[in-house]
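**Q** Sharing a structure here in structure tokens format.
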Amino acid sequence: MTRDTTLRGIVLMLIFCMIAPLLDVASKLAAEGGMPVGQITAARFVVQGALMLPVLLVMGLSLRMTRKALAYTFLRAFFLILS
């Protein structure tokens, strides 16, 4: 038996489209207030992870990654913070 997840995908996309611009606005306001850019970037990673965790848990997805995928993820995060 298969489940149709089209509606769930549409709802998640709509929620993302409402939340994503707010994260950008908050980042720009924090930068104008004198907060260090590195700290803003790190906070965005934390907030994005916190927002995605309930979605992963509801969908029953695993958080496990191969060592190679984990290394690429940390490397990507490093370069984003560096930039």
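The values are calculated or read from the model by the stated rules, or taken from the named source; none is laboratory data. Here the structure is a predicted model, which is why all the values come from computation and not from measurement. Here Cβ is always computed from backbone atoms with ideal geometry, including for glycine, and neighbour counts include all displayed protein chains. Side chains are part of the model used for accessible areas, which takes the heavy atoms of the whole protein and leaves out ligands, DNA and RNA. Shrake-Rupley method; radii C 1.70, N 1.55, O 1.52, S 1.80 Å.
**Q** Checking Val58 against (1) of a type in the set (Val, Ile, Thr); (2) under 25 Å from Gly9 (Cβ atoms); (3) in contact (Cβ under 8 Å) with a residue 24 or more places away in the chain, only one condition comes out false. Which one?
**A** The one condition Val58 does not meet is (3).
**Q** Scan segment 54-73 residue by residue and report those that are loosely packed, with under 12 Cβ neighbours inside 10 Å, within 14 Å of the chain's Cα centre (by Cα) and not in a loop (DSSP other than H, G, I, E, B).
**A** Listed by number, the residues that qualify are Pro54, Thr73.
**Q** Taking the criterion of being among the charged types (D, E, K, R) and at pLDDT 85 or above, would at least one residue in segment 4-15 satisfy it?
**A** No, the conditions are met nowhere in segment 4-15.
**Q** Do you know which residues across segment 25-46 are in contact (Cβ under 8 Å) with a residue 12 or more places away in the chain and either open to solvent by 60 Å² or more (accessible area, probe 1.4 Å) or not in a helix (DSSP H, G or I) (or both)?
**A** Residues satisfying the conditions are Arg44, Phe45.
**Q** Tell me the residue from Leu22, Leu14, Leu51 that is open to solvent by 70 Å² or more (accessible area, probe 1.4 Å), assigned to a helix (DSSP H, G or I) and in contact (Cβ under 8 Å) with a residue 24 or more places away in the chain, please.
**A** Just a single option satisfies the conditions, and that option is Leu51.
**Q** Residue check, Arg8 against (1) surrounded by 12 or more Cβ atoms within 10 Å (Cβ to Cβ); (2) within 30 Å of Leu82 (Cα to Cα), all met but one. Which one?
**A** It fails just one condition, (2).
**Q** Looking only at residues that are part of a helix (DSSP H, G or I) and open to solvent by 70 Å² or more (accessible area, probe 1.4 Å) in segment 74-83, which one is modelled with the lowest pLDDT?
**A** Ile81
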